[in-house]
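K.L.:
So that we are looking at the same thing, I have put the structure below in structure tokens.
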Amino acid sequence: MKHHIIIAIALIFSMSSCEDFLDTSLDTNQTNETLATDRGSIWAFANAFYSPIHYGYSAIDGNIFASASDEAQQASAASNVIYFNKGMVNTNVNPLSYFYTNCYEGIRAANYFLDYVADGKGKALLELNRNLVTDAENYKRDLLSLDWYIAEAHIARAYYYAELIKMYGGMPIVEQTMSQNDRQMISRSSYDECVEYIVKEIDTWKDKLAKDWNNYADREGRFTLGAALAIKSRVLLYAASPLHNPTGDNVKWMRAAQAANEFLANSDIHYELDSSYENYFNGETSLTSPETIYLVRRAASNSLEQANYPIATPGGKSGVCPTENLVSQYEYIGEPDPSNPYANRDPRLAASVVVNGSLWNGRTISQAPGETDDMANANASPTGYYLKKFLTDGLNLIQGQTAQHNWVAFRYAEILLNYAEAMNEAFGPMNAPDGYVMSAKDALQKVRDRASVSLPAVDVSSIEAFRQAVKHERQIELAFEDHRYWDLLRWNDAMTILNQPVKGVKINKSGEVYSYSVVDVASRVFYERNYYLPLLRSEIENSNGTLEQNPKY
């Protein structure tokens, strides 16, 4: 027990530097004795397993992960994303290896909390040194919280394993508190075994979760029923996808459809699309939006703007620059304008990407030779585009102005797209068997109509045609939200898409008229082995042969 307490304290200290909704710190003056007799330690341990949850705005190079896919190109050549762009991720260098460590830290923290309160120990601590008559209301609230937090610890384990198998395939399943070295001595379970473990954790504990935190504002940031069902939906969608379902087993697609339908049909949870796609990602909007299922918040900052404002904006570094590969996919909702290729397009383009001629940071972006944002300038966008989604316009970086940035891990639009994809594969685009809330086409249309009711009609002539419509919609609706790379992998499309060059536009100007030509910006390399990330060599060596490396590394 003493050994486990030391491990848990060290873990919580290591995670307390990340500001979130929850206080993940622990009093450094506590001893083993006071720790075991202070009910406040229950809440500290119940918070600790949230700290490693992925904050996508700092995924790689202190920025979002989009440049690892065909969505974007990093302006700086000195970036870790190059290991993904050139297929160079290996057993010694994996820029996402920190997340592997974080996931197992989260799992270990969840396991420790569950051990700490097991067998009535948690309830006994809540009763200790307390008048259960005069303090009855607070005691009742604490008991309710304890029950919720136990369920949340199980959902946390499901979440972390979902992230691990997305990156690495089947992983060791650990359900006891142990040191990291002990954990490395456990062999890997198969991908399907991990999926079943995740689903069992969620199905067993989902009904013991809070439905929302409307009456407990201090609990915001904790898992709810909606979050648990969203994790299940994503996991089963991935499990049904070609990478993990090479035979096209329709039972897996039906199971994924059922999981998304379970979310959409559940009368205990209430979500809907936000009225504004553009505003949803700005500032604090997502905190109270009915679209948000689960998000991660940090203290207000300007690091995202520093990383991605145009280099010509004081304090900006250009950073993640959207590609023509992405921009070209935004559909026209009117006649094309020969003098302005960005006019009359899906409004999500203007909400997500800064193009030439955009009003941004208090000025008009002008990228032709000799102009303020000349693409020939050092560290200017190599693609002719800058990131807009998630960023607050016009922050004064020199004076340290900041804004809120909430990383939305799960939102309602994703569930609709999960549903559309799985329903199409299981039943076709137009069919909705009894018990299902809508057809695949209806779910997709909801997402498109929120963007614009003027978007072209979707092809529902076949499963294959609608499959392409779903892939397109995920590319647009979920742009830059850390879906594209993993979608390409699970669809088995990465060998095709991620071996193509990323493109941009070369911008010129004659008089007052701009002209645009599409150019290759950078080559990309993706090998078959890259469908899974490698475990670091040190992990394999420290396991004494227990862990097997992913193939071809």
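K.L.:
For ASP192 paired with HIS270, estimate the spin-label separation in nm (one decimal), with each label point 7 Å from Cα along the Cα-to-Cβ line.
P.N.:
Label at ASP192, label at HIS270, 4.2 nm between them.
K.L.:
Find the centroid of the Cα atoms in the range 456-511 and in the range 43-95, then give the distance between the two in whole Å.
P.N.:
Value for the Cα centre distance between the two parts: 21 Å.
K.L.:
Tell me, in nm to one decimal, what length is gained between ASN279 and ASN492 on full extension, where the rule is 0.36 nm per residue of separation less the Cα-Cα distance? Could the numbers behind the result be given before it?
P.N.:
Working: separation 213, 0.36 × 213 = 76.68 nm, distance 3.32 nm.
Contour length minus the Cα-Cα distance gives 73.4 nm.
K.L.:
Can you pull out the trypsin sites (Lys or Arg not before Pro) in the range 106-152 whose DSSP state is coil and whose Cβ has at most 16 other Cβ atoms within 10 Å?
P.N.:
Working: sites: ARG108, LYS121, LYS123, ARG130, LYS140, ARG141; in loops: ARG130.
For trypsin sites (Lys or Arg not before Pro) across the range 106-152 that sit outside H, G, I, E and B with at most 16 neighbouring Cβ atoms in 10 Å, the list reads ARG130.
K.L.:
Follow-up. Please report the net charge: other residues with Cβ closer than 14 Å to the Cβ of ASP135, K and R +1, D and E -1. Could the numbers behind the result be given before it?
P.N.:
Working: positive: ARG39, ARG130, LYS140, ARG141; negative: GLU127, GLU137, ASP142.
Residues close to ASP135 contribute a combined charge of +1.
K.L.:
Under 5 Å between amide hydrogens, which residues at least 5 positions from ALA72 or on another chain qualify, with H placed 1.01 Å from N in the peptide plane?
P.N.:
THR323
K.L.:
Please give the net charge around ALA343, taking every other residue with its beta carbon less than 14 angstrom from that of ALA343, where Lys and Arg add +1 and Asp and Glu add -1. Walk me through the intermediate numbers first.
P.N.:
Working: positive: ARG345; negative: GLU331, GLU335, ASP337, ASP346.
Surrounding charge for ALA343 is -3.
K.L.:
State the volume of the convex hull built on the alpha-carbon positions of the range 217-319, expressed per residue in Å³ and rounded to an integer.
P.N.:
Working: hull volume 15.5 nm³, N = 103.
Cα convex hull per residue, to the nearest whole number: 151 Å³.
K.L.:
Okay, next question. Work out how much length SER454 to ASP38 would gain on full extension: take 0.36 nm times their residue separation and subtract the Cα-Cα distance, in nm to one decimal.
P.N.:
Gain on stretching SER454 to ASP38: 143.7 nm.
K.L.:
List the lysines whose Cα sits under 17 Å from the Cα of LYS389, skipping any in the same chain fewer than 8 residues away.
P.N.:
LYS317
K.L.:
Going by how many other beta carbons lie within 10 Å of each one, how would you line up GLU262, GLU291, GLU414, fewest first? Please list the in-between numbers first.
P.N.:
Working: GLU262 15, GLU291 21, GLU414 24.
The order, fewest Cβ neighbours first, is GLU262, GLU291, GLU414.
K.L.:
A follow-up question, please. Tell me which residues come under 5 Å, amide H to amide H, from LYS503 once H is placed; ignore anything under 5 positions away on its chain.
P.N.:
Counting only residues 5 or more places away or on other chains, the set is GLU324, ASN325, VAL521.
K.L.:
Cα-based Rg (one decimal) and Dmax (whole number) for the chain, in Å?
P.N.:
Gyration radius and largest Cα-Cα distance of the chain: 24.3, 83 Å.
K.L.:
Now for a different question. Amide H of ILE173: which non-local residues (sequence gap of 5 or more, or other chain) have their own amide H closer than 5 Å, using H built in the peptide plane?
P.N.:
Placed amide hydrogens put SER189 under 5 Å from ILE173.
K.L.:
Just to confirm the number: angle between the C-alpha axis of helix 136-168 and the first principal axis of the chain, 0 to 90 degrees, nearest 10?
P.N.:
Its long axis makes an angle of about 50 degrees.
K.L.:
Answer with one residue from ALA239, ASN261, SER187: the one whose Cα lies farthest towards the positive end of the charge dipole of the range 177-285, charges on Cβ with Lys, Arg +1 and Asp, Glu -1.
P.N.:
Positive-end residue among those listed: SER187.
K.L.:
Next question. So if R0 is 35 Å, what FRET efficiency would GLN468 and ASN92 give, r being the distance between their Cβ atoms, rounded to the nearest 0.05? Kindly include the intermediate steps, with their values, before the conclusion.
P.N.:
Values: r = 38 Å, r/R0 = 1.10.
Given R0 = 35 Å and the Cβ-Cβ separation, E is 0.35.
K.L.:
With an 8 Å Cα cut-off and a minimum separation of 6 or more residues, compute the relative contact order for the chain in percent. Please list the in-between numbers first.
P.N.:
Working: 970 pairs, mean separation 103.9, N = 553.
Here the relative contact order equals 19 percent.
K.L.:
Could you tell me which of TYR116, GLN468, ALA368 has its Cα farthest along the dipole of the chain towards the positive end, charges placed at Cβ (Lys, Arg +1; Asp, Glu -1), taken about the Cα centre?
P.N.:
Result: ALA368, furthest along the dipole toward the positive end.
K.L.:
Let me ask another. Let me know the charge dipole size of the chain about its Cα centre in debye, to the nearest 20, where only the beta-carbon of Lys, Arg (+1) and Asp, Glu (-1) is charged. Please report the intermediate quantities before stating the final value.
P.N.:
Details: 48 positive and 68 negative charges, 142 e Å.
With Lys and Arg at +1 and Asp and Glu at -1, about 680 debye.
K.L.:
Can I ask one more? I'd like the distance between the alpha-carbon centres of the range 274-326 and the range 381-440, rounded to an integer number of Å.
P.N.:
12
K.L.:
Right, something else. So if I take the alpha carbon set of the range 209-251, get Rg, then get Rh from the Kirkwood formula, what is the Rg over Rh ratio? Could you put the intermediate results ahead of the total?
P.N.:
On the way: Rg = 15.6 Å, Rh = 12.3 Å.
Rg/Rh for the range 209-251 comes to 1.26.
K.L.:
With a cap of 10 neighbouring Cβ atoms within 10 Å, and only residues DSSP puts in a loop, list the GluC sites (Glu not before Pro) found in the range 81-188.
P.N.:
Working: sites: GLU105, GLU127, GLU137, GLU152, GLU163, GLU175; in loops: GLU175.
Loop-located and lightly packed - none at all.
The numbers here are math on the coordinates, done by the rules we state, and not lab data. Note that the structure is a prediction, hence the values are computed from the model and not measured. A quick note on method: Cβ atoms are made from the backbone with ideal geometry, for glycine too, and the neighbour counts reach across all protein chains shown.
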